[in-house]
Structures are given as C-alpha cells and as structure tokens.
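Down below is the structure, laid out as structure tokens.
The values are calculated or read from the model by the stated rules, or taken from the named source; none is laboratory data. The shown structure was predicted, so the numbers you read here are calculated from the model rather than taken from an experiment. A quick note on method: Cβ atoms are made from the backbone with ideal geometry, for glycine too, and the neighbour counts reach across all protein chains shown.
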C-alpha cells in the first residue's frame, strides 16, 4: 500500500458568527499517495471549510492534522507557510494569477520562493510543466491574454512547480465550461496516473466526482460516506 | 534569503500603479528638494547677515575703559564706614585710552596657541574737514594685512587697494557716506582735525562700504603710524587689540583670563552680540520645520498609495500567502514598495534640491547695503543632503509600516472563499 500523505484526526471547526455551530464535526480520514479523492456535499456542508483546514491556511480548529507524517497542528504561521510552499499545491475556482507577471513568471514564483533550484533550472521546470499541460506556447504571454481554461491550466502548472506531495483543489472546474472542465479533469487524472500525484478536490460537480478514485461525502459537518481506500 | 524575489514582486506591484507611485515619489522629491534649497538658502543668508557684523567683530577686544577711581578717600575713614558717602573728590584720571605695554601683550597673545591672530588698532574721534564743512567721525589706524586676514577687510573696499596704506604715507580710506557728502574721490585731500586740535592733511586712497549707514558715514581707516601721527601720539600708542580665536566658543573664558593677566578691559563676542546667535537659530528652526512638514505631507501620499495598492492587490496577496509566502514576506514586499518610492523620490529630491540651490545662487540680488553681494547667498553643505535623504527614508518607512502590517495580516482564506 502506498504511504499516507495527509491524515485528519477528529477535526472540529466552530463558526461563531452569528451563532456558534459546528461546521466540521469530528472529521477523520486519510489520503494515500497517488489517490485522486473528491469531497462532495451540499452547500454549507463544510466541504470548503475542510479543505482550508487541510490547506493549513485555517488554523482555528481542534483535532490533529498530519502531512507526510508530520504533525501540522500548532505550527507557527511562518512554518506553515514553508510547508505550503514546499508540500502543497493549490488550484482554486479563480485562477489568482498575478496580472503583473508573465505566465512563466507566475509559475516560477513559488519555486523561486522555495529556492531549491537555480532560476534557470526553475524556468526549465516551469516549461516542462506547461508541456505536460499542453500549453507551452503560452509561456511568454501575460495572464490577461489567455482564455479561462488556459489560465486554469497555468494555475495547475503553478501548483505543480515544487513537486508537491498533494494538490488541493477548491472547485477547480467551477468557472469552466464542460469542454475545459473535461480537459482539467483529464489533466488531474493524468497527473495521478503518470506522476503518482496525490489529489484532493472539493467539488459540487457530481459527474466530476464520479470519475475520481474515491468520494468523501459531507453533510452537516460530518462524513456520511467514505468508501475504504 | 530570496530578497531579490521580494524586491522583484514589489517592483511589479509598483509598476501596476505607476502613475500614483510617481505622484507619491514626486511628493517626496519636492519635500526633499525644497528642504535642501530652503536650508541652504537660509544658512547662506544667515552667514551673510552674521558676516555683516560678526566677521568684522573680534572674538575678544582688549581696551582701556575710562573709569572712576576704585576708592574715594572718605571710604578709608573708619568712622563713616556704614554711612552714605556723597563726597566724591577724586575724578577719573586721564590715563589715556592707550593700552600700556601693548607690544609685550601682542607678543604674548601671538604665542598663545588658542589665538588665531591679533590686530592692533588705534581709534580716535576726529573731525573731517573739506572746505568749510566739518563732519564728526572716527579715524582708525590698522594693519591692513592682518585686518584683511582676520576681518575680510578687502570685501568692503569699493575703490582703491587696501594694502596701499602700507606703501603710501599719509593715505586714508574713507567711508562711502563721507565720500558722498564731501564730494571726495580717490586722490583728493581731506583735512583731519584731532580732538586735541592737531590738523593733518591726508590723501584719499580709496572708499569703503560696509553696508551699515552709521559706519559708512563716520569711519575712516589709515595705517597705524599715520593714525598715531594724526593724534600726535608715539608709536607705542594702541587703543584696541582685536583678537580672533581658533575656537570662537572659548571667547568668554579667555576674555576674563586676559583681563586678569594683562590688567585690561576685555569684552567677548558672545556678550557683545548675543542677539545674532538667537536670530540665526530661529531662522534655522523655521527652515527645518518647513522641510519636515513637507516630508510629512509626502509621507501621507505614500501611505495613501500603499493602502490603495493593498486593496487592489488583495487577490495577489492571498495567492502569495497560499503558495508559501509568510506574513513577514508580504510585509517586506510592501515595505520595499514604500522604500522604492522613498529612495527614488529622495535621490531625485537631492538632485532637484541641488538644482534649486544653484538657481537661487545665480539669481541676481543687488543691494546698496551689500556691495560685495551680487546674487542670493547659498551655503552648500553635504550635511543637508544627508539629512534630506535620511529623513525621506524615515518618512517613507513609517508611512509604509502600517499598510504593510495590514497586508501581512490579510487572511487568504477570507479572500479566496469570498470569491
């Protein structure tokens, strides 16, 4: 069996405004390397909140969170930033490309921040990822010159640049038409198959979820169905 | 660390708001430029005005004051020790205004390491007579070379060459007021009547203008020996010793030291001209206050542009944080933005400030009172440029701290989920 990449143990998250209630109630699960997992649930079921807790950006929870067998709970903000930089890639509904930088620079920024490779090597790696995603010719363009689907592919390339342990997606196809959604799905699928990439995607698109390896369904902050790994 | 990356991102953010950034930098630029121009000009003006009086005032003047006898005979009568004395039979003695043993004192002073030089002087009240007009005034016998060295005497000569006094016997330099009133020009003769009734004819070698009507209307200058001749006094007759020190601040202490040592009267420059110091200080304070105000206003400009940038770039900040930039990285980015504005504005300000100073320096400024001045005075001092750039950095830094802290605190989850 593949090693566990991320593990949640009894995650509980309270919201206080306007009334205190449990958005996540004792959520526990594991994701193993190379798995393509989707999280589904109705609006307000807590699926996005779960993703942001797992992303380490939301630290206001109780329970334990392990990434790569390292306990992340109670790490400082700077340490968590380092973990995100090195081990987690993000794809959001919106692409969040920096409009002042070219496509290639956008992809390179997290790697430059990590500083593991020289800038020339990073630029080579960025081109490589654009190649995987089939848009190498767009590298010198500015983000506003790209179509929506192309922008999302650039965002995926950015998520991939540091070879993260896991890629987390929050409705990554939410803004895309069917054709581009399919392209993005195929890319994700390909990454898990060809690069043994672990994926955890929150979606409300059931078609998308059905085609993933495993579905975790949330309702009222609890896991109601999570098939065995 | 990867400060290059932080700076790169800061630069791109700046470029995204180029116009406003330029305006903010221009604010700093004008603040610094005006500060430098103002302070340079004010200091130049101060020095010129001070120079008007202080340059030709000795740091210490040694002279003999006419004073009453120290004790009256009645005071030695023990019977009336506690009584009120109103019999004053002993009047001030006529000892003359001459400083006794002046040669020895000059030699001693010139040997003193704290003293720059000593200029001996003979001065006396005289009447200038030309035809039937007679004007009261003061004749001064001086050593032209020393006077030139210590008191920039050459600056006040508008006609003639002051060192001629050494070569031409019976020569005199008269104040412009006297020359105008008595219609005297170089080469004319002027009759000097001393208070003792001696009459001497002197040849006008040149005209002086100090810029103070009181002085120009009464003073004339000649060599020491000529002055002594006019007054009918011997060659050792010296009424004033004017001392310039290496350090002006020692003047009060040395003045009292010399008074005791040589048993003469002394007065130091600080006591004699206390008001000038105050005037200069107030002018400096005003120019600094104006400069600082300008920079504070510029600081608000930077604060505004940064706040605007942060609101506009919320998304960028959120994704930077999501992809691994910590709060301190984001703070550093925005501090870099404000520092970039500050440095570029500051350096521009130094250049423009220097340009403005040059412009003021070359603006014509001619006045009757100041014969040697043809343009506005400007004092160039690297210290002002240093203060300017340091101040611009401090202002921009402070203006950047609060917005940068706000940016550092932005919660990416709130931004990303809000979409």
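Tabulated data for the structure shown
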{"quantity": "Matching strands (runs of 3 or more DSSP E) fully within region B:203-289 where at least 3 residues are under 22 Å from the mean Cα position of the chain (by Cα) and without any contact (Cβ under 8 Å) to a residue 60 or more places away in the chain", "calculated": "none"}
{"quantity": "Subset of region A:98-121 (residues that are facing another protein chain (nearest Cβ under 8 Å), closer than 19 Å to residue A:168 by Cα and either crowded, with 21+ Cβ neighbours inside 10 Å or without any contact (Cβ under 8 Å) to a residue 12 or more places away in the chain (or both))", "calculated": "A:109, A:110"}
{"quantity": "Residue A:45, sole failed condition from (1) surrounded by fewer than 20 Cβ atoms within 10 Å (Cβ to Cβ); (2) more than 14 Å from chain B (Cβ to nearest Cβ); (3) in contact (Cβ under 8 Å) with a residue 60 or more places away in the chain", "calculated": "(1)"}
{"quantity": "Condition met for residue B:22 (in the same structural domain as residue B:391 (by TED's automatic domain parsing) and without any contact (Cβ under 8 Å) to a residue 60 or more places away in the chain)", "calculated": "yes"}
{"quantity": "Some residue of region A:158-171 being in a helix (DSSP H, G or I) and farther than 30 Å from residue A:46 by Cβ", "calculated": "no"}
{"quantity": "Residue under evaluation residue A:26, criteria (1) surrounded by 21 or more Cβ atoms within 10 Å (Cβ to Cβ); (2) at positive phi; (3) touching a residue at least 60 places away in the same chain (Cβ under 8 Å), criterion not met", "calculated": "(1)"}
{"quantity": "Flag for residue A:60 being surrounded by fewer than 16 Cβ atoms within 10 Å (Cβ to Cβ), within 12 Å of another protein chain (Cβ to nearest Cβ), over 30 Å from residue A:194 (Cα atoms) and in contact (Cβ under 8 Å) with a residue 40 or more places away in the chain", "calculated": "yes"}
{"quantity": "Test: residue B:52 is at pLDDT 85 or above, on the phi < 0 side of the Ramachandran plot and either part of a helix (DSSP H, G or I) or crowded, with 19+ Cβ neighbours inside 10 Å (or both)", "calculated": "no"}
{"quantity": "Hits in region B:313-335 - residues which are outside any helix (DSSP H, G or I) and more than 7 Å from chain A (Cβ to nearest Cβ)", "calculated": "B:313"}
{"quantity": "Scan of region A:216-229 for residues that are in contact (Cβ under 8 Å) with a residue 12 or more places away in the chain, outside any loop (DSSP other than H, G, I, E, B) and surrounded by fewer than 17 Cβ atoms within 10 Å (Cβ to Cβ), ordered by number", "calculated": "A:219, A:222"}
{"quantity": "Selected residue [in the same structural domain as residue B:129 (by TED's automatic domain parsing), under 21 Å from residue B:103 (Cβ atoms) and surrounded by 22 or more Cβ atoms within 10 Å (Cβ to Cβ)] from B:230, B:204", "calculated": "B:230"}
{"quantity": "Single residue of B:401, B:390, B:413 found to be in a helix (DSSP H, G or I), away from every other protein chain (no Cβ under 14 Å) and farther than 28 Å from residue B:43 by Cα", "calculated": "B:401"}
